[in-house]
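A.B. asks: First the structure, which I've put down as structure tokens, then a few questions once you've had a look.
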Amino acid sequence: MRDPAFPHRHLLGIEGLTPAEINYLLDLSDRYVGVNRGPEKTSDALRGRTIVNLFFENSTRTRTSFELAAKRLGANVINMQVETSSVVKGETLIDTAVTLNAMHPDVLAVRHPDSGAVKLLADKVNCGVVNGGDGSHEHPTQALLDALTIRRRKGRLSGLLVAICGDVLHSRVARSNFLLLLTMGARVRIIAPRTLIPSGVDRLGVEVFTDMTAGLKDVDIVMMLRVQSERMRGSFIPSVREYFHFFGLDRAKLGQAKPDALIMHPGPMNRGTEIDSDVADDVERSVIREQVELGVAVRMAVLEVLANNASAHNAAGHNAAGHNAAADSRQGLPGRTGT
Ligand code: NCD
């Protein structure tokens, strides 16, 4: 049976999740934080299972985090990077998915430069799929680890005032975060230059600021975003110097936030562009390293739940397109594969 508290086959985004489902994943993650801080750091939860990290975009920290999470659950892990895969030989995304699917993995952790590509792939496989970041769409495990970091430090998410600052336009982290934070009852402000604000974002229920001093006033959390130069075609910011002057987080701007406000960043950081080292390394206020630590626990929770749901799904005789093969054959239909 699928996990009744999180009955989904895939985690493609935060969109559509309920507060109860989010809390369930955060509670399970919290338990794994304890395991990771203990001497053993391992569990048997996924012994004998296979997790594939399928990364079509460069990543060190997210891939390593998924890999460590899978290993700590006792699973076998395979890393497929785009450079070594046959995508470069012209194989399509779907071919890659179908080929991998034939090897019976339990969960694929997929990162892709195009928004929506992970969903396309998930529709073609029997296993669970977790989105490790697709274009500027979603990065659900990042939002969950950010939420876990905030919840552990502040004891709650509801009622907090969170500022998400910088390159919101290109950021899947920002999108997943405001979906999660709003679902959990937090208030969200985005602070960015006009060129980096997605159109219509105010309709989602976030407050929009173009001035750091006004936007940071009395916030509980300051979440900085990386300036994603690799996604910018054309000039979105005048110069690094000017960007830092107006939008970089430094001690003076941080002075507007609550005295106990936390400083967050998903990494990798551009020091001197969006954040000053002085505040990034502030041992009292910065939780940037804790975010990395808790990321492993969150990915353990997600992999465990999805692997168990994948087994339940396949035991029920479903094929890749979600049809029930036994029911299809009773009706004289060939088992459809959806490929
Ligand atoms: C983020 C990403 O890839 O979306 N980083 C990450 O997951 N470690 C944010 C970023 O690249 O700026």
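A.B. asks: What pairs in Lys41/Lys154; Lys154/Lys258; Lys71/Lys124; Lys41/Lys71 have C-alpha atoms more than 21 Å from each other?
C.D. replies: Check vs 21 Å cut-off fails for Lys41/Lys154; Lys71/Lys124.
A.B. asks: While we're on this one: What is the local net charge at Phe246, summed over the other residues whose Cβ is closer than 14 Å to its Cβ (Lys, Arg +1; Asp, Glu -1)?
C.D. replies: Overall, the nearby charge balance is -3.
A.B. asks: From the phi angles alone, apply the Karplus equation (6.51, -1.76, 1.60; θ = phi - 60°) to region 166-174 and give each ³J(HN,Hα) in whole Hz, x where the residue is Gly or Pro.
C.D. replies: x, 7, 5, 4, 9, 9, 5, 5, 4
A.B. asks: Post the alpha-carbon centroid distance, region 36-67 to region 251-303, in whole angstrom.
C.D. replies: Value for the Cα centre distance between the two parts: 22 Å.
A.B. asks: Take every DSSP beta bridge whose two residues both sit in region 1-142, then give the antiparallel share in percent to the nearest 5.
C.D. replies: 5 percent
A.B. asks: I would also like to ask the following. Ordered by packing density, taken as the mean number of other Cβ atoms within 10 Å over each peptide's residues, highest first, how do 177-190, 23-36 rank?
C.D. replies: Ranked by mean Cβ neighbours within 10 Å, highest first: 177-190, 23-36.
A.B. asks: Hey, another quick one. Name the residue from Asn76, Val283, Ala117 whose Cα lies farthest towards the positive end of the charge dipole of the chain, charges +1 on Cβ of Lys and Arg and -1 on Cβ of Asp and Glu.
C.D. replies: Asn76
A.B. asks: A further question follows. Which one of Val188, Cys165, Gly155 has its Cα pushed farthest toward the positive end of the charge dipole of region 130-209, where Lys and Arg give +1 and Asp and Glu give -1 at the Cβ?
C.D. replies: Sorting the options by dipole projection puts first Gly155.
A.B. asks: Shifting gears a bit: Please report the net charge: other residues with Cβ closer than 14 Å to the Cβ of Ser158, K and R +1, D and E -1.
C.D. replies: So the environment of Ser158 carries a net charge of +3.
A.B. asks: Let me ask something else about it. Just to be sure I understand: with springs between alpha-carbon atoms less than 10 Å apart, which residue in Pro198, Pro259, Pro39 has the highest mean-square fluctuation in the Gaussian network model of the chain?
C.D. replies: Pro39
A.B. asks: In addition: If amide hydrogens are placed 1.01 Å from N in the peptide plane, which non-local residues have theirs closer than 5 Å to the one on Leu54?
C.D. replies: HN-HN under 5 Å from Leu54: Met80, Ala109, Val110, Arg111.
A.B. asks: Now for a different question. Before anything else, pin down the relative contact order of region 255-323: Cα pairs under 8 Å, at least 6 apart, normalised by residue count, whole percent.
C.D. replies: 27 percent
A.B. asks: Note the full-extension length gain between Val283 and Asn314 as 0.36 nm times their separation in residues minus their Cα-Cα distance, in nm to one decimal.
C.D. replies: So the extension gain works out to 6.4 nm.
A.B. asks: Can you pull the percent of the chain's accessible area that's carbon plus sulfur, 1.4 Å probe, other chains left in place?
C.D. replies: Using a 1.4 Å probe with all protein chains present, the chain comes out at 52 percent carbon and sulfur.
A.B. asks: Among the DSSP beta bridges whose two residues both lie in the chain, what percent are antiparallel, rounded to the nearest 5?
C.D. replies: Within the chain, antiparallel bridges account for around 5 percent of the total.
A.B. asks: In whole angstrom, note down how far apart the Cα centers of region 129-145 and region 160-187 are.
C.D. replies: Centre-to-centre distance over Cα atoms comes out at 13 Å.
A.B. asks: So, one more: List the relative contact order of the chain as a percent without decimals, with contacts defined as Cα pairs under 8 Å and 6+ residues apart.
C.D. replies: 21 percent
A.B. asks: Normalising by the residue count of region 181-309, find the relative contact order in percent from Cα pairs under 8 Å and 6+ residues apart.
C.D. replies: So the answer I get is 23 percent.
A.B. asks: For Leu11, which sequence-distant residues (separation of 5 or more, or a different chain) have an amide H within less than 5 Å of its own amide H, given hydrogens modelled in the peptide plane?
C.D. replies: Val129, Val130, Asn131
A.B. asks: Taking 35 Å as R0, compute the FRET efficiency from the Cβ-Cβ separation of Arg271 and Thr42 and round it to 0.05.
C.D. replies: Once rounded, the FRET efficiency stands at 0.50.
The values are calculated or read from the model by the stated rules, or taken from the named source; none is laboratory data. All values reported here derive from a predicted model rather than from experimental measurement. No Cβ is skipped: glycine too gets one built from the backbone with ideal geometry, and neighbour counts run over all protein chains shown. SASA here: full protein model, heavy atoms, side chains in, ligands and nucleic acids out. Shrake-Rupley method; radii C 1.70, N 1.55, O 1.52, S 1.80 Å.
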